[in-house]
1. What are the radius of gyration and Dmax of the chain, computed over its Cα atoms and given in Å?
2. Can you compute the charge dipole magnitude of the chain about its Cα centre, using +1 on each Lys and Arg Cβ and -1 on each Asp and Glu Cβ, nothing else charged? Give it in debye, rounded to the nearest 20.
3. Compute the Rg to Rh ratio over region 127-246 from the alpha carbon atoms, using the Kirkwood formula for Rh, and round to two decimal places.
4. Could the peptides 281-289, 192-200, 176-184 be put in order, highest first, of the mean number of other beta-carbon atoms found within 10 Å of their residues?
5. Just to check I understand the Karplus step: with θ = phi - 60° and J = 6.51 cos²θ - 1.76 cosθ + 1.60, what whole-Hz values come out for region 36-51, glycine and proline as x?
6. Can you find, among Leu97, Thr34, Gly181, the residue farthest towards the positive end of the dipole of the chain? Put +1 on the C-beta of Lys and Arg, -1 on that of Asp and Glu.
7. Just to check I understand the Karplus step: with θ = phi - 60° and J = 6.51 cos²θ - 1.76 cosθ + 1.60, what whole-Hz values come out for region 295-303, glycine and proline as x?
8. Per-residue accessible area for Leu76 at 1.4 Å probe radius, Å² rounded to 10?
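The values are calculated or read from the model by the stated rules, or taken from the named source; none is laboratory data. Values in this document were obtained by computation on a predicted structure and should not be read as measured data. Cβ sites come from the backbone with ideal geometry, for glycine too, and all protein chains shown count toward neighbours. Side chains are part of the model used for accessible areas, which takes the heavy atoms of the whole protein and leaves out ligands, DNA and RNA. Shrake-Rupley method; radii C 1.70, N 1.55, O 1.52, S 1.80 Å.
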Amino acid sequence: MTLDVGFIGYRFMGKAHANALSRLSMFFPEAPETNRAVVVGRDEDALTDARDRLGFDRAATDWEDVVDDVDVLYNLGPNFLHVEPSVAALDAGVHVLCEKPLAPTMAGAEQMASAAAESDAVAGCGFNYRFIPAIQLAKRLIDAGELGEIRQVRGRYLQDWLVDADAPWTWRMDAERAGSGALGDLGAHTVDLVQFLVDDVVGVSGRLETFVEERDTPAGETRPVTVDDAYSAQATLANGATCTLEASRVAAGHKNDHTIEVHGSKGSLRFSLERLNELELMREGARGYETVLVTDEDDPYLDHWWPPGHVLGWEHTFVHENYEFLSAVAGDDSFRPSFDDARRVQAVLDAVERSDARGEWVDVDADR
């Protein structure tokens, strides 16, 4: 089976997924074959360059013209373009992998999840950090009861690309296009990992903050910043554990610091994206943490790569994600994280926004 793949978008995520597809046949030969059939964008000159550089057969400027022409649609565009093309593809029976967050709004996420539920096609959301070997190992340990009863979880995602007040305005700073700022851009990843590793978030008390309220575009036009620069939240999980969530795009000195800590009655673990080949683990009876290098052949996905000790990088998470997604497509199987998983993440983000607006604790599933 060779799957014709179409991309909406060709910049950051376009490069990441095109790179992953080019690696699959070399390192995961059992994965289905793919053909990069068409890439969609608006800037014709940049699009032509992307077509050649990323290995696509052709380019198009309107997704509606090509959505029926492919087997799989990768929706890698800005958040405001997630809903309509993804729903149209699913209605046409085309499989969809959509980048996170699923949609700018809860209503959009619910529409996408409903379309996925009604379609025979596979629909997945691009929470690629689930596919880090150390995170997969953490999941195994937690599910096996190695940490005992989970009592506390901490998740933070810190970046610093907006520390400078003169950093230019982008679509990510516009609520109409992005939905939210650090909350959706970074917090979505954290919420997904918390719910993947431990349990659903059922209640939150959250706060959003915007430190720089307007910025200049590269053309010199001043525009308002209508999303958050940072958020924080206290939360409760369905299993009764307490949880602290935080993200910032103005945390000086942090380039891409995504950290998860899980504390149980028998032990603890912690993970940092900036040291993604390591898992810090404290087992019952130990005096402290040990640092486990997650590169052995029996660790998740590692039998496809290099000898023990030869580390992987951020880009490999997309290879693993694409392998799992495309294998589900070829095998007519389910894929996680699904659109419903992503809808559940969106519900938590929505609850944080509601809590900030009301200044009170909010149940995630309460009437909005």
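1. Over the chain's Cα set, Rg and Dmax evaluate to 20.4, 62 Å.
2. Here the size comes out at about 1020 debye.
3. Values: Rg = 17.1 Å, Rh = 15.9 Å.
Rg/Rh for region 127-246 comes to 1.07.
4. Details: 281-289: 12.2, 192-200: 21.6, 176-184: 24.2.
The densest-packed peptide leads the list: 176-184, 192-200, 281-289.
5. Result, ordered by residue: 6, 7, 8, 10, 10, x, 9, 7, 5, 5, 5, 5, 4, 4, 5, 4 Hz.
6. Projecting each Cα onto the dipole axis, the largest value belongs to Gly181.
7. Listing the rounded values in order: 9, 6, 4, 8, 7, x, 6, 6, 5 Hz.
8. Counting only protein heavy atoms, the figure is 20 Å².
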